[in-house]
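**Q** Encoded as structure tokens, here's the structure I'll be asking about.
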Amino acid sequence: MSSNFLKVYSHYFKNYYRSRSFYIILIITILASLITSYLTFKYSGRIGNLLPTRLSVLSKVNEESLILYLWAYIMSSLPVFSSVFFSSPAISSEMENRTAFYIFTQPVDRIVLVLGKYMAAVTASIVSILVYIFAELVSAIAVFGFVETDPFLLSLFMLILFIFAISAFSFLFSSLFDKNMYAYISTFVTYFIIFYSVNIALSLVYSYNAFFLLNNASTIIERVYININPTLFVSNFSLNPAGIHEVFLSSTVFIIYTIASLLLTFLVVERKEVK
Amino acid sequence: MNISIKSVDKYYGSFMALQGINLEFSEPGVITILGPNGAGKTTLLKVITSLSRPRKGMVEIDGMNVYDDRKKILMKLGTLVEQPEFYTYIKGREILSFSGSLKGLSGMALKDEISRVSDITGSGKFLDKKVGKYSRGMKQRLGIAAALIGDPEILVLDEPTFGIDPIGALEIRDLIQQLNAKKDKIIIFTTHVIEEAVKLSDRIIILNNGRVEYDASNKNDYVKLRVTGPIKEYPDGYRYVKISESEHIFEVRETEIPEFNRLITSKGDVRFIEKSSEVEETIRSISIKNDKNF
């Protein structure tokens, strides 16, 4: 099984990194890196003065954390785009482009096919975001002379867990449809409209933090610097990094989404008919 | 080698694609599934290759259910179902290498096998291009090469000459004959071209409206569809031969088999009939109808 997994993985990864989607994501990442680097260099040492009065409390945070929070905040949305490009059409495109007639008649278990393609999509997402991480590191070292290793590595670790979770979640939608457009729209609508609406409604009406929603959990990527959740309308926030229990909670959410989505995807694909 | 199709029914929604199919393939040779578009040929191949699940019945290959032992079954099979499509950013050689490696080939053995299948399918000259740049015919050749890799015991080819230029189609027919020469494989292929079926087959199965209409190992022993009833002049002014209460012959065409005509019925079915005086009379009646039409 493991040798077939590697064959499937490398076959799909080749197709991903040579694809137009990969270069589009790379361009988006480079643009985001350039803009954030520009902001970092241009406004370093002056961020406190630029903040509006209602956010003046942030000027009490050390500037390195504030800048890295900004970098991580932008970084946490990149996996959503990459997963939409790589994972949303993962299964549906096999049906729509009729490659399923070839791939599903190869002597390999469908679970291995899904897992191999999933890992290839995750790798492609991580590789495309590496440019941004590199730019973040270079900018932070250039401006501050150092980067505090613990929160930086923790943020990266959370980012990787989030990539696994959002990719698995997108794979699930992809397995349900035979048309890419439906898979794209469902992933986008669920993540950007349903999750955000539920999150905002629960926080506004019940002051409840819907920690179990993927978009909410993904804020841990920036909250390891300053514990402000930008998706919530709640007043209690901390200028300190998120505590270990919050990191643990978000990690658990990511892992549950990953495992549950993949298991459901396996079940759907195993029974999927090629029409 | 044994393929056993037992009481298979397949529906797409309420549309019955296959009904009560019972077939047994155990002798090596070319088995052609012949029939008009929509007869259920491709659906039958999808069921055999586990791409589709029947609502009722089962398919067993060497005693193994194709859904329960999918991987083992696919190891024995080389398939080309529907017009093949591949990942556009992958080169043809990488596709063959992938298929070969999943069949357990590696190193020099894999390289030699790729060279063997690309030689016999004529795909060697474009294997190092990305599939996105392939024409329909090139993809078809690559698909056949991928099906042949690993020299499988059973080959399932769905309209392999479709989309290929006439010379290419002749080459593929020659290839099928060549593969059948040793009589060590079961080659199941579909076509709606009767001449192709006659030339290549050891056994012909005619599917129509999802049912086996005819199954013959003697290729000269085709459907004996008897024309029933006299030629009548109907109120619309045309003369038809009725073949059943609800159907009449719409058109008669010559085929390349001297003894047979091809009939297209008013329901769009295609049937084959031995030439006889009745058929000659039918052809005349159709001519009368056509004269009135034009």
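Read-outs: derived from the displayed coordinates by stated rules, not from any lab. This structure is a prediction, so every number in the text was calculated from the model and none was measured. Note: ideal-geometry Cβ built from the backbone for every residue, glycine included; neighbour counts use all protein chains shown.
**Q** Would you calculate the separation in nanometres between label points at B:ARG53 and B:LYS182, each defined as 7 Å from the Cα along the Cα-to-beta-carbon direction?
**A** 3.7 nm
**Q** Rg over Rh of the stretch A:2-271, using C-alpha atoms and the Kirkwood radius, what does it come to?
**A** Using only Cα positions, Rg/Rh for the stretch A:2-271 is 1.00.
**Q** Okay, next question. Number of Lys pairs in chain A with C-alpha atoms less than 17 angstrom apart, excluding same-chain neighbours closer than eight positions?
**A** Pairs that pass both the separation and distance tests number 5.
**Q** For labels at A:THR252 and A:LEU264 in the simple 7 Å Cα→Cβ model, what's the distance in nm?
**A** For the pair A:THR252/A:LEU264, the computed spacing is 2.0 nm.
**Q** Multiply the residue gap between A:GLU148 and A:ARG18 by 0.36 nm, knock off their C-alpha separation, and tell me the result in nm, one decimal place.
**A** 43.3 nm
**Q** B:TYR12's amide H: which non-local residues (gap 5+, or another chain) put their own amide H closer than 5 Å, with H modeled 1.01 Å from N in plane and none for Pro or chain starts?
**A** HN-HN under 5 Å from B:TYR12: B:ALA17.
**Q** Spelling out what I want: for every residue of the stretch B:5-22, take phi, set θ = phi - 60°, compute 6.51 cos²θ - 1.76 cosθ + 1.60 (Karplus), and round to whole Hz; glycine and proline get x.
**A** Working through the residues one at a time gives 9, 10, 6, 7, 10, 9, 10, 10, x, 9, 7, 8, 8, 9, 9, x, 7, 10 Hz.
**Q** Could you pull out every whole DSSP H run in chain A that spans at least 24 Å of Cα extent along its own axis and averages -1.0 or higher on the Kyte-Doolittle scale?
**A** A:20-43, A:110-144, A:149-176, A:244-271
**Q** Additional query: Mind giving me the nanometre distance, one decimal, between the label points for A:LEU6 and B:ARG116, set 7 Å out from Cα along Cα→Cβ?
**A** 2.5 nm
**Q** In terms of modelled amide H atoms, which long-range or inter-chain residues lie less than 5 Å from the amide H of B:TYR214?
**A** Long-range HN contacts for B:TYR214: B:ILE206.
**Q** While we're on this one: Out of A:PHE144, A:ALA32, A:ALA183, whose Cα points farthest toward the positive end of the dipole of chain A (charges: +1 Lys, Arg; -1 Asp, Glu; placed on Cβ)?
**A** A:ALA183
**Q** Right, something else. In whole Å, how far is the Cα centre of the stretch B:1-53 from that of the stretch A:92-143?
**A** 36 Å
**Q** In addition: Among residues other than B:SER52 whose Cβ falls under 12 Å from its Cβ, what is the net charge (Lys/Arg +1, Asp/Glu -1)?
**A** Once positives and negatives cancel, what remains is +4.
**Q** So who's got an amide H within less than 5 Å of the one on B:LYS91, skipping anything under 5 residues away but keeping other chains? H placed 1.01 Å off N, in plane.
**A** B:VAL131
**Q** Moving on to the next point. Using a Gaussian network model on chain A with a 10 Å cutoff between Cα atoms, which of A:PHE81, A:PHE134, A:PHE169 fluctuates the most?
**A** Residue with maximal mean-square fluctuation among A:PHE81, A:PHE134, A:PHE169: A:PHE134.
**Q** Relative to the Cα centre, what is the charge dipole magnitude of the stretch B:1-116, using +1 at the beta carbon of each Lys and Arg, -1 at the beta carbon of each Asp and Glu, and rounding to the nearest 20 debye?
**A** The calculated dipole for the stretch B:1-116 is roughly 240 debye.
**Q** I want the local charge near B:ILE3. Using Cβ-Cβ distances under 11 Å, sum +1 for each Lys or Arg and -1 for each Asp or Glu among the other residues.
**A** With Lys, Arg at +1 and Asp, Glu at -1, the neighbours total -3.
**Q** Taking θ = phi - 60°, what integer Hz values does the Karplus form 6.51 cos²θ - 1.76 cosθ + 1.60 yield along the stretch A:92-105, in sequence order, with x for Gly and Pro?
**A** Calculated HN-Hα couplings, in order: 4, 5, 4, 7, 5, 8, 6, 6, 4, 4, 7, 5, 7, 9 Hz.
**Q** How large is the charge dipole for the stretch B:3-217, taken about the Cα centre, if only the Cβ atoms of Lys, Arg (+1) and Asp, Glu (-1) carry charge, to the nearest 20 debye?
**A** Around 660 debye, computed over the stretch B:3-217.
**Q** Kindly put B:PHE15, B:PHE189, A:PHE5 in sequence by how many other C-beta atoms sit within 10 Å of each C-beta, fewest to most.
**A** Going from sparsest to densest Cβ surroundings: B:PHE15, A:PHE5, B:PHE189.
**Q** Out of every Cα pair in the stretch B:3-217, what percent are spaced more than 24 Å from each other?
**A** Every Cα pair in the stretch B:3-217 considered, those over 24 Å come to 41 percent.
**Q** Quick one: putting +1 on the C-beta of Lys and Arg, -1 on the C-beta of Asp and Glu, what dipole do you get for chain A around its Cα centre, in Debye to the nearest 20?
**A** Charge dipole of chain A: 580 debye, to the nearest 20.
**Q** Helix-only mean residue ellipticity at 222 nm, chain A, DSSP H runs n ≥ 4 weighted -39,500 (n - 2.57), per residue, nearest 500. What is it?
**A** Value at 222 nm, helices only: -22500 deg cm²/dmol.
**Q** Within 10 Å of each residue's Cβ, count the other Cβ atoms and sort A:SER175, A:SER83 from fewest upward.
**A** Sorted ascending by nearby Cβ count, the order is A:SER175, A:SER83.
**Q** Follow-up. Which of A:VAL138, A:VAL127 has the fewest other C-beta atoms within 10 Å, and how do the rest follow up to the most?
**A** So the residues, fewest neighbours to most, are A:VAL138, A:VAL127.
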